[in-house]
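The values are calculated or read from the model by the stated rules, or taken from the named source; none is laboratory data. Note that the structure is a prediction, hence the values are computed from the model and not measured. Cβ placement follows ideal geometry from the backbone for every residue including glycine, while neighbour counts extend to all protein chains displayed. Remember, those area values only see protein heavy atoms, side chains included, never the ligands or the DNA or RNA. Shrake-Rupley method; radii C 1.70, N 1.55, O 1.52, S 1.80 Å.
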Amino acid sequence: MAAAAELECPTSFKYWAKRDEPGARRFRSIVKRLTGTDAFPTDTQARAFTADLFAGDPVAERYIDEVFDGPIGSKRGREMLDQALVHGIDAVEDAPEAMKALFAEFEDVPDWVKPELVEQGAAIWRRWGTMLFAIAGTTTLGMYTEAAVATPLSLAGGYAGDNALRRFLETSRFWIDVSEQGALLEPGSKGRATAMRVRVMHVSVRRRVEGQPEWDTEKWGLPISQSYMLLTLIGGSVAPALALWTLGYQTSKKEIYALIHFQRYMGYLLGVRARWYPETIPDVLRTLAMVLVSRAFDAGEHGAELIESFPAGFAPRDGHRGLRRLREMYNYRIYSAYTTLFMPPSIRKQYNLPRAFPWILIPIVRFPFITALELVRRTVPGMNKIVEKINMRHRENWYRAQMDGREAKFDATGALRR
């Protein structure tokens, strides 16, 4: 193995040192005895991951430099982007070469894409409904302990303080749009348009954060790097599928592989070009193990603000009464319960989070009923589609109620908080 100093790796990502510590060695030994395989990726795979902590999205970055941050400006640039997303790049008069290159890549469907698996994965998200929001939102909190993740979000201000719920709902809108039937493969679809807007937003945030004195590239790599975008994709496939089993929701091994493929193509539209993409469940779990053992817990007040703002964002709003207030109270309490279920106790106790008891009893009491419904869904012909339609309607209604008349913007061209 190469010495750590010879590896292209941010100094805060201490995988090469920590994997040889006694606890990691014991974990590795147990996994080897139980499964016959390593708990961590190969050195080649790990090096690809750590190198991608310094990698961004060159095609989209050139577009931002020449259009949004260039002579055209963000306002006109966004108008041109919206026009191209609806009518195609040929409809944009005098489109800059950087924009043409971006759309040429975006509209190209790689040979490895299997449309049937993309659609199957999207259908699983539709079937999960709002449970995807709950699991993806709460399991992500554990990574806000890392400055490489928390600092860009804190600087941008989107997931902190009073903005936490609004930005989370924008993310929920993204999840809804990209999982509508045919959304990722139909030219001009709302799902593809949302994916492009999120891709541009990521680059805008990366550009602004990277230039701030608070950001340390040698220590953390690139803001919103290829590797952390890859982890976000994992957070929408294997991680929630396994987590939902604990609540009674049953996702088969075959379905999880469809989710991995769906996420891989969605990531392609978002500009994810990882040197190594884990395409199997064991490889995904090895990647997660590598990241967990490498954690620096260096986010400080940035991480605390993000973690504590998330459940607080669901608290009942001033002036709301009656059924609306009851709905908000329920969401606040159930999301508080989910943070308890899906955050390690050793991490959760470090932050000022709402009390979960007795609300944590709700998912426990629901477990046998959900399990029974899942067994019916998997065995009775036609029930799967019925459940999918019900949950699609519910997630849209939930989103509209939470947004309270607002619309998702997916815009990060403004100034940072600091």
Enumerated helices (runs of 4 or more DSSP H) restricted to the range 278-392, each holding at least 3 residues that are in contact (Cβ under 8 Å) with a residue 24 or more places away in the chain, at negative phi and open to solvent by less than 70 Å² (accessible area, probe 1.4 Å):
281-293, 300-312, 322-342, 361-379
Of all residues in the range 250-277, count the ones that are of a type outside the set (D, E, K, R), in a loop (DSSP other than H, G, I, E, B) and open to solvent by 50 Å² or more (accessible area, probe 1.4 Å).
0
Find the helices (runs of 4 or more DSSP H) located wholly in the range 125-216 whose residues include 3 or more that are more than 27 Å from residue 350 (Cα to Cα), and list them.
164-179, 190-210
Please identify the pairs in which a residue from the range 1-29 that is of a type in the set (Phe, Trp, Tyr) and open to solvent by 40 Å² or more (accessible area, probe 1.4 Å) has its Cβ atom under 9 Å from the Cβ atom of a residue that is assigned to a helix (DSSP H, G or I) and modelled with pLDDT of 90 or more, counting only partners at least 6 apart or on another chain.
27/289; 27/293
Would you call residue 101 open to solvent by less than 60 Å² (accessible area, probe 1.4 Å), closer than 30 Å to residue 168 by Cβ, small (Gly, Ala, Ser) and out of contact with any Pro (no Cβ under 7 Å at 6 or more places or on another chain)?
no
Scanning the range 129-148 residue by residue, those within 11 Å of residue 243 (Cβ to Cβ), open to solvent by 10 Å² or more (accessible area, probe 1.4 Å) and modelled with pLDDT of 95 or more turn out to be 131
Exactly one of (1) aliphatic (A, V, I, L, M); (2) part of a loop (DSSP other than H, G, I, E, B); (3) surrounded by fewer than 18 Cβ atoms within 10 Å (Cβ to Cβ) is unmet by residue 39. Its number?
(3)
Output yes when any residue across the range 402-410 is under 26 Å from the mean Cα position of the chain (by Cα), among the aromatic types (Phe, Trp, Tyr) and part of a helix (DSSP H, G or I), and no when none is.
no
Residues of the range 51-74 being part of a loop (DSSP other than H, G, I, E, B), closer than 30 Å to residue 8 by Cα and open to solvent by 40 Å² or more (accessible area, probe 1.4 Å), in sequence order, are 69
Can you pull out the residues in the range 25-45 that are more than 13 Å from residue 285 (Cα to Cα) and among the aromatic types (Phe, Trp, Tyr)?
27
Looking at (1) farther than 22 Å from residue 82 by Cβ; (2) at pLDDT 95 or above, find the lone condition where residue 210 falls short.
(2)
Qualifying residues in the range 214-231 (those that are open to solvent by 20 Å² or more (accessible area, probe 1.4 Å), more than 18 Å from residue 136 (Cα to Cα) and not hydrophobic (A, V, I, L, M, F, W, C)) - the one modelled with the lowest pLDDT
214
